[in-house]
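As structure tokens, the structure follows; a few thoughts come after it.
We did not get these values from a lab; they are worked out from the coordinates using the rules stated. Model, not experiment: these values are computed from the prediction.
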Amino acid sequence: MHKAFTEERDAKIVNMAKNNSQEIFENSLFKDVFLDRVIDKYTKDATAYQRLIGADDSYFKTVYAFYSCGCL
């Protein structure tokens, strides 16, 4: 989640933060943006984990081999 807001900055969010009070930004403007990003990240992560532990173990074996060899 942290990466979604720090490394993937959205000009619209930055503009809303700069041009509104902190209270308005936190209590109304940012809530929908935050919820949308949370749902998006959850969906993407859930899909990735389903693929990793799904019925086809070839993807799991590939990922495991990559991590176990210290290739990161």
- request: Go through 3/44; 3/61; 18/44 and tell me which ones have a Cα-Cα distance over 20 Å in this structure.
  value: 3/61; 18/44
query: Could you give the Stokes-Einstein D for the chain in µm² per second, using the C-alpha Kirkwood radius, 10 °C, 1.306 mPa s?
result: 106
- line: The aspartates and glutamates whose Cα lies under 18 Å from the Cα of residue 31, excluding any fewer than 8 residues away in the same chain, are 8, 10, 23, 40
